[in-house]
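What follows is a single structure, written as structure tokens, with notes after it.
Throughout, read-outs are computed from the coordinates displayed, never taken from laboratory work. All of these numbers come straight from a predicted model, not from anything done at the bench. We place every Cβ from the backbone using ideal geometry, glycine too, and count neighbours over all the protein chains shown.
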Amino acid sequence: MFFLLSKLLDFILLPAVWLVALLLGAWLARPDGRARRRWLGAALLVALIGTNNALVNEALLAWEVPAVPLAAVAPADAAVLLTGIGIGNKSPHDRVYLSQGADRLTNALWLYRAGRVRRLIISGGSGAVLRTQGTEAGNLRTLFLLAGVPDSAILLEQRSRNTRENAQFTKELLAQHPDIKSLVLVTSAFHERRAVGCFARVGLAAQPFPADFRTTDRSWTPDYWLVPDAEALVRWSLLLHELAGWLVYKVAGYC
């Protein structure tokens, strides 16, 4: 139930949905009434804020966990890579498709190749509402093998469907591997706060190693502040989703 409610919340928090709802309200309102002007005014406000690249970038800069230099990562027994970066509904199914967050995987590989961790743990089953064939952890394992990581250095946790379960099931997996005592947690920078909190809640202290940054460096050029960008709506959706998720997890005591 929690999983399904989280998917519904994702839909409700989409600024594009708000915009459509406001325009629908204006269309249904009386043509000569003040209500229509209010609906249209609200829609214009959402459009102006929602497509402003500077505003969403500043908000994300305040929320994302800053990048960590490789040299600052203390050597650890394993890196935990959280999934959520695969595309499962794409044919042909003879390869692995990755989304924008693909550098979660490359950052975990970088930690391994740099000798900062000696093993890789991939945590994640499927985030789809309906079950699909295979798991994302299994798919990402294939990519690590192609990159030359030995199978003996890879552990899979394939049951989790959300961040809380990532932490719970990773702890259960580590009970079978008492030699792994220190962790580095690799996930998207906007998601790192919630993930580290969930792992700490189940008793797993992990160094944060954020990846998949959705921000750019701050700029003072006019195009940064004034030119509308449709991609800004996507980034607002992402940030609102994560803020809501973090708040719900905090209230529920998950992180």
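A few notes on this one:
- Residue in region 41-64 that is of a type in the set (Asp, Glu) and within 26 Å of Leu240 (Cβ to Cβ) present: yes
- Test result for Cys255, in contact with a helix residue (DSSP H, G or I) (Cβ under 9 Å, 6 or more places away or on another chain), part of a loop (DSSP other than H, G, I, E, B), buried (at least 17 other Cβ atoms within 10 Å of the Cβ) and hydrophobic (A, V, I, L, M, F, W, C): yes
- Tallying residues that are polar (S, T, N, Q) and within 12 Å of Val56 (Cβ to Cβ) within region 203-247 yields 3.
- Residue identified as free of Cβ contacts under 8 Å to residues at least 12 places away in the same chain and over 26 Å from Asp229 (Cβ atoms) among Ala114, Ala72: Ala72
- Matching residues in region 54-83 - criterion: being within 20 Å of Val117 (Cβ to Cβ) and surrounded by 16 or more Cβ atoms within 10 Å (Cβ to Cβ): Val65, Val68, Val73, Ala76, Asp77, Ala78, Ala79, Val80, Leu81, Leu82, Thr83
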